[in-house]
Structures are given as C-alpha cells and as structure tokens.
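The values are calculated or read from the model by the stated rules, or taken from the named source; none is laboratory data. Remember, it's a predicted structure, so these values are computed and weren't measured experimentally. For neighbour counting, all protein chains shown are included, and Cβ atoms are generated from backbone atoms with ideal geometry for every residue, glycine included.
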Amino acid sequence: MGIWSCLGTDVAAVAQSLRAGRSGIGYDPLRVEYGYQSGLTGIVEMPQLKGVLHRRLRVGLSEEAAYAYMATRQAFEQAGIDDAFLDSHEVGIIFGNDSSAKPVIEAAQIMNEKHDSALLGSGLIFQSMNSTVTMNLSAIYKIRGVNFTVSAACASGSHSIGLGYMMIKQGLQDVVLCGGAQETNHYSMATFDALGAFSKRNLDPSHASRPFDRDRDGLIPSGGAAALVLEDYDHAVARGATILGEVAGYGFSSNGGGISQPSDEGSFIAMSRAMQDAGVTPDSVDYINAHATSTPQGDMFEAMAIDRLFRGRRALVSSTKSMTGHECWMAGASEIVYSLIMMREGFVAPNINFENPDEYSAHLNLARETVERELDVVLSNSFGFGGTNSALVIKKL
C-alpha cells in the first residue's frame, strides 16, 4: 500500500497521525479570495517530480496523477514489484477519479484569451480527462493488464478496489493496482462550495470536521492519493510477497432517489452485501470505518444504517474524515489504507471533534479517543452523489 495525504506522505507518517488523532486540515486564504464561502481544506504537499520522472512523462500528469504516482511508488516497493516484474507479468490498474478540473479550466482560460488551440500544448489533454491517473500510470509503468478509471463520485476509490477484487476472484488477473486520487487545487471544489456543503468554521480548521457530532456544519474538501496492490493469494505466496490483509467482501447498491440524497436503506444494503460476500456477521466485525463526512444529512442516514446493523454489537465506529476531511474520489481507497494501518498496528483511530451526539449517533459505539484493540475484521463504507454506495470488508491474515 502507498499513501499521499494531508496526514502524511508515507505509511509511517500517516500511522503516527492516525494514532495521535492529528488533523491535517488547514485554512487556504486563496479559496476565499477566489470566492469560496469556506477557506478550509486538507493541506496536501505537492510532489516534486523534477529529477524523479523524465519531462516527457511529467507533461501529461495532472495534480491527482502526481499524487497517485507517489502513492504507487510506495505500494510497488512494498509489494516487491519492479520493472523486471512488470515486464514479465500482466498487471492491471483500476483507479477511482471523478474529475480533473484544473487543466480543463486552464485550457479554457487560454482559449478564451488567445483563441488559439496551438498554445495549449500536448499535455493538457492527458491531464484533463477523468482517466488521467490510469492513462499516465499505465504509460509510466508499462502496464499491460486491465486498465480503466472508476468514476463514481465519493465511492470511486472503494469501487476500484471492489472491481479489482472481482477481477482476481474470477481468475481474469493475478495482480491489479487499485486506488483513488483527488486534486486539491482551488479550482476543483468551487461547485461543491456553491451547494453550501462545506464547514464554515474558518477560524478553527482542526475542529471543523465533526462527523456524527450534533453541531457539525459541513464537510471539508481534501485529497491526495492512495494505492493498493491486490494480488491472488496463491500468486502472492508463491513469490514471497508481504501480505498486509485480505479483501474479503465487496457490497454495493444505488439509492434510486435524488441526485444528492443519501439513504439509510442503500447504505444498509451495501454493508449487508459486503458482509455476506465475506461470510461474516455483524458480531464478528471489530471496526467500521464510516463514510461520515460531517454533513447533517449524510451522517444521519449512515448512523441509522449502522445502528440498524450493529446496535448492541462490539464493533467500534469512527470516521477518519474527522482528521482528513473528505478526500472525495480517493476516500474509499485511502480509508482502506488507514484501516490496514490500524489492523496491522492494533488500534482504532479516534473520531475526533465528537463532543455531543444527536439522536441518530447516540446509539453508535463511537471511538472518541484512540483505542488499543486487535482488529481481525474491518468494514469500510463509501457513499457518493447519484446514490452510489460501496462497502468493503477486509480481514487480517
């Protein structure tokens, strides 16, 4: 696994942030200057790739593709996958990404001002497509297996892992690089801000993301990238790979309602299907990494679904978005990385900033502080606009 996020730019740094309950959210005055109602965002370091990648490979990289490249480097290194392996094996790639705003806006600005497409250069087309991550990474690593992008709003990263899992389970691939990526520039989230969906606690960034708390007032946009190498178990054992955990179940559903309307029933179905696929019951789940983004409606409906399945059970619940903000298209993948870190190190990261429950979160077994606990079975939720729902079960091996 590899990670590039506001909590850190490698697994070790992210593990420290998770255990400490350290927020990666800050204030960006450029957003307010640009016209946002909220200046809050996850603070993600921009990779410096000059001297790392040849210029002809950098020219087509969007911001999120650069994040994804850094996360993939880490994941491939940990998996023992090098150029020789990629030359001799068919490796696939499926990433979640649902926008690439910055190059689209930059191209439009040039055209509006200069009225000359020759001035756009050769890189903007490869930066501006939703498939920017998979097309760039497949070229950099000469990937020859399945190759496509999942565009499913804030469930994109989770669905990418679910689809990679299905490809391997069906014997179509032995190894698939999966993940999610999200740009963090100020162009990318103005339309979200227009909905009034963001927290306006501009003077208190680290306490602004408040999943399940009675006084939550909206999400905080964030981003980066997460990458995971999924591999057939026997294939991994045969080559002596380090195994971090098992993707054991994938569940999905669609709400069938309004375009931005969450659903407790849709959430319930996705979670139930994932557990059924994994052959586990609510009693055997140790931890739920909730989707909860800190919006009034979204958290309410998810709390209703979790309560329906897990009331009276021992599963601890937390939303790592309390620390990261909402990593959008990458969230479903990054939260599997966060969950694997917790599973390997034996703790549950806290749902920070939870001070007062509302009537829906009052029954949840929320981890308000870091809890030392062995985790054998984890359920991770991801839900998105358009009613798309994804849930994954991972197990310790």
Could you please let me know if Thr184 is touching a Ser or Thr at 6+ places or on another chain (Cβ under 9 Å), part of a strand (DSSP E or B), more than 14 Å from Phe252 (Cβ to Cβ) and hydroxyl-bearing (Ser, Thr, Tyr)?
no
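So that you can scan it fast, the table gives a plain yes or no per residue for (1) among the hydrophobic types (A, V, I, L, M, F, W, C); (2) modelled with pLDDT under 95; (3) in contact with an Asp or Glu (Cβ under 6 Å, 6 or more places away or on another chain); (4) more than 21 Å from Trp329 (Cα to Cα):
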{"position": "Leu30", "(1), (2), (3), (4)": "yes, no, no, yes"}
{"position": "Arg73", "(1), (2), (3), (4)": "no, no, no, no"}
{"position": "Ser122", "(1), (2), (3), (4)": "no, yes, no, yes"}
{"position": "Asn130", "(1), (2), (3), (4)": "no, no, no, no"}
Could you tell me whether Asp116 is buried (at least 21 other Cβ atoms within 10 Å of the Cβ) and among the charged types (D, E, K, R)?
no
Counting only residues that are within 20 Å of Ala331 (Cβ to Cβ), out of contact with any Phe, Trp or Tyr (no Cβ under 9 Å at 6 or more places or on another chain) and part of a helix (DSSP H, G or I), segment 1-14 contains a total of 2
Exactly one of (1) in contact with a Gly (Cβ under 7 Å, 6 or more places away or on another chain); (2) farther than 30 Å from Ser151 by Cβ is unmet by Leu392. Its number?
(2)
Search segment 151-181 for residues being touching a Leu at 6+ places or on another chain (Cβ under 9 Å) and part of a strand (DSSP E or B), and hand back the single one that is farthest from Ala292 (Cα to Cα).
Val175
The one condition in (1) over 21 Å from the mean Cα position of the chain (by Cα); (2) buried (at least 24 other Cβ atoms within 10 Å of the Cβ); (3) of a type in the set (Phe, Trp, Tyr) that Phe212 fails to fulfil:
(1)
Which of the residues belonging to segment 36-93 are outside any loop (DSSP other than H, G, I, E, B) and of a type in the set (S, T, N, Q)?
Thr41, Thr72, Gln74, Gln78, Ser88
Across (1) part of a helix (DSSP H, G or I); (2) within 19 Å of Phe192 (Cβ to Cβ); (3) among the aromatic types (Phe, Trp, Tyr), Tyr338 clears everything bar (2)
Do we find a residue being of a type in the set (Asp, Glu), more than 29 Å from Asp213 (Cα to Cα) and either free of Cβ contacts under 8 Å to residues at least 40 places away in the same chain or buried (at least 21 other Cβ atoms within 10 Å of the Cβ) (or both) anywhere in segment 229-249?
yes
Number of the exception - Arg308 against (1) surrounded by 17 or more Cβ atoms within 10 Å (Cβ to Cβ); (2) in contact with a helix residue (DSSP H, G or I) (Cβ under 7 Å, 6 or more places away or on another chain); (3) not β-branched (Val, Ile, Thr):
(1)
Reported set for segment 236-264 where residues are touching a helix residue (DSSP H, G or I) at 6+ places or on another chain (Cβ under 9 Å) and over 19 Å from Ser158 (Cα atoms) is Ala236, Arg239, Ala241, Thr242, Ile243, Gly256, Gly257, Gly258, Ile259, Gln261
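Residues are listed down the side, and each one gets a yes or a no for (1) without any contact (Cβ under 8 Å) to a residue 40 or more places away in the chain; (2) buried (at least 24 other Cβ atoms within 10 Å of the Cβ):
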{"site": "Cys154", "(1), (2)": "no, yes"}
{"site": "Gly162", "(1), (2)": "no, yes"}
{"site": "Tyr165", "(1), (2)": "no, no"}
{"site": "Gln170", "(1), (2)": "yes, no"}
{"site": "Gly179", "(1), (2)": "no, yes"}
{"site": "Glu183", "(1), (2)": "no, yes"}
{"site": "His186", "(1), (2)": "no, no"}
{"site": "Phe192", "(1), (2)": "yes, no"}
Being more than 11 Å from the chain's Cα centre (by Cα), crowded, with 24+ Cβ neighbours inside 10 Å and of a type in the set (Ser, Thr, Tyr), is that true of even one residue in segment 338-346?
yes
Subset tally (residues that are exposed (fewer than 13 other Cβ atoms within 10 Å of the Cβ) and touching a residue at least 12 places away in the same chain (Cβ under 8 Å)) for segment 37-57
1
